[in-house]
Amino acid sequence: MESINEIKRDVLSAVLAAGKRIDSRGMYDYRKIVVQPGILQNAEGSAMASIGKSQVMVGVKFDIAKPFLDRPKEGVLSTSADLLPLASHLFETGPPSEDAIELARVVDRGIRSSNTIDLESFYLEEEKVLALYVDIYVLDHDGNLIDCSSLAAMSALLSSRMPKIENGSIVRGEYSGKLPLKEHVVTCTFGKIGERMFLDPSLDEEKGMDCRLTLATTSTHLCAAQKGGWGTYSERDITELLDISTEKGKELRAML
Amino acid sequence: MGATGKEKPKLYESGRRVDGRGLADLRGIKIESRVLNDADGSAYIEWGKNKILAGVYGPSECIPRHDQSLYRSVIKCRYNMAPFSGMEEHGRSGPSRRSKELSKVIKEAFESVIISENFPKTQIEIFVEVLQSDGGTRCAAVTAAAVALADAGIPMKDLISAVAVCKIDGHMAVDPGKEEDNFGESDMPIAFSPRTGEILLFQMDGLLSREELSEGISLARQASEKIRKIQVEAIAKVYQEPKEERFLVIK
């Protein structure tokens, strides 16, 4: 496997050196993006997003839970990701892989640190708060699952309805309005091979690349970031990519 | 029963069931094949409010090696429910006792129709993801998985389908919905091989007389013929209207 990736890297860097990409996209172009919000009825919120051949579904559920000890007045936000074995021959059944955990945590950080959800409004009474579960279901893997998942997650949150609460429990199937959101968070993920950087790595590019950088932005701020892979970025790389993220973020937000 | 703690509603009154169907009527069924890119075969089914995705990989090298057979391909199945699939609380991820049992009976239904002797030392994997559940998920899963296997080009003796029958207020009825599943007197999922008429999956709970059993099986058999037509249409559509992109579109 490793030697194949070496060959992929050689091919990719030769193509990038000529200022091109293997699928003839521009350096900072996304593949085709489709977002479908509100596709499920049982879940309080749901959406599908696809970037190229990657397809991700997100379901949002509400429950009643105990608050965390250090935050007794706040609701609970929990994000998980399943790399389903039907999505790729690379995924296996079993406990979540480190890739699945990283994916969930990066998406979670974007949502959480943007304060788009007012978790204090989820407080019900002593020892009782609302818990919001964001479940990322990867259905097809062709690279850049982070951007695809965060797009699906944001769209699912935007489609979410607040559950109706009666006598301290949720009345299923009845709602009390939409989930209020303050910000629309989107992520942009950039791959890097040698000195060349590019947006939205496909699976082939992911296999050959040295590293990636994900920047989550609101309309005004950077709110989360994650570097992955063995390669390195300079400070200038990061500020340059943030400028591009801010521009590309507008395009992504327009699709929500 | 009555797992939800609600009062049992009247399930059959003046010739109509809770959702207005007659005793032999199926809920609406739609199947779309070839919706995933990496899987060798795939199918998406909407059956009532059920939304289920099936993906198939194989025949490929059987791993781990000690699972291999020198004589045939090993069929593996994973039936799994998304944590957001139900109306009630958020589910736990990972296999439950129920999903392990269903994986097993679904796999066994396919073992007698897949011509596995053609592929010794290999495995054929069937993955079923219940994205939204509304009663009768195992039957919808078998029905979708059969289409996904056909899409993957895996040779089979027959295109199988499954449907449940139930007993509601003393009447045998086909394809129970969630409420009929919860409050009905009996539930009996059956998978048929339509070509031979043989039964490949058979489960039952509740109380039935011998006559009711026969009536139920014959109701299920008639319904499964209707389902088979929808399966065949889904497979044909892939070739009649070839798409450039494989895409799961949910309405």
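At-a-glance table
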| item | result |
| --- | --- |
| Residue match in the stretch A:48-55 (condition: more than 10 Å from chain B (Cβ to nearest Cβ), touching a strand residue (DSSP E or B) at 6+ places or on another chain (Cβ under 6 Å) and closer than 26 Å to B:N50 by Cβ) | yes |
| Identity of the residue in the stretch B:170-206, without any contact (Cβ under 8 Å) to a residue 24 or more places away in the chain and more than 20 Å from B:Q231 (Cα to Cα), that ends up farthest from the chain's Cα centre (by Cα) | B:E185 |
| Some residue of the stretch A:225-247 being aliphatic (A, V, I, L, M) and either part of a loop (DSSP other than H, G, I, E, B) or closer than 30 Å to A:I39 by Cα (or both) | yes |
| Count of the stretch A:26-46 residues which are touching a residue at least 60 places away in the same chain (Cβ under 8 Å) and either more than 10 Å from chain B (Cβ to nearest Cβ) or of a type in the set (D, E) (or both) | 9 |
| Residues being within 30 Å of A:V134 (Cα to Cα) and more than 14 Å from chain A (Cβ to nearest Cβ) - total across the stretch B:131-159 | 6 |
| Count of residues meeting criterion [more than 12 Å from chain B (Cβ to nearest Cβ), aliphatic (A, V, I, L, M) and under 15 Å from A:C148 (Cα atoms)] in the stretch A:79-117 | 4 |
| Scan of the stretch B:226-251 for residues that are away from every other protein chain (no Cβ under 14 Å) and in contact (Cβ under 8 Å) with a residue 24 or more places away in the chain, ordered by number | B:K226, B:I227, B:R228, B:I230, B:Q231, B:V232, B:E233, B:A234, B:I235, B:K237, B:V238 |
| Pair list, Cβ under 6 Å, 6 or more apart: the stretch A:162-189 residue on the phi > 0 side of the Ramachandran plot, other residue part of a strand (DSSP E or B) and not acidic (D, E) | A:G177/A:M162 |
| Selected residue [free of Cβ contacts under 8 Å to residues at least 12 places away in the same chain, in contact with a Pro (Cβ under 8 Å, 6 or more places away or on another chain) and exposed (fewer than 14 other Cβ atoms within 10 Å of the Cβ)] from A:E92, A:E98 | A:E92 |
| Within the stretch A:16-59, considering residues that are modelled with pLDDT of 95 or more and of a type in the set (V, I, T), the one surrounded by the fewest Cβ atoms within 10 Å (Cβ to Cβ) | A:V34 |
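The values are calculated or read from the model by the stated rules, or taken from the named source; none is laboratory data. Just so you know, these numbers come straight off a predicted model, no measurement behind them. We place every Cβ from the backbone using ideal geometry, glycine too, and count neighbours over all the protein chains shown.
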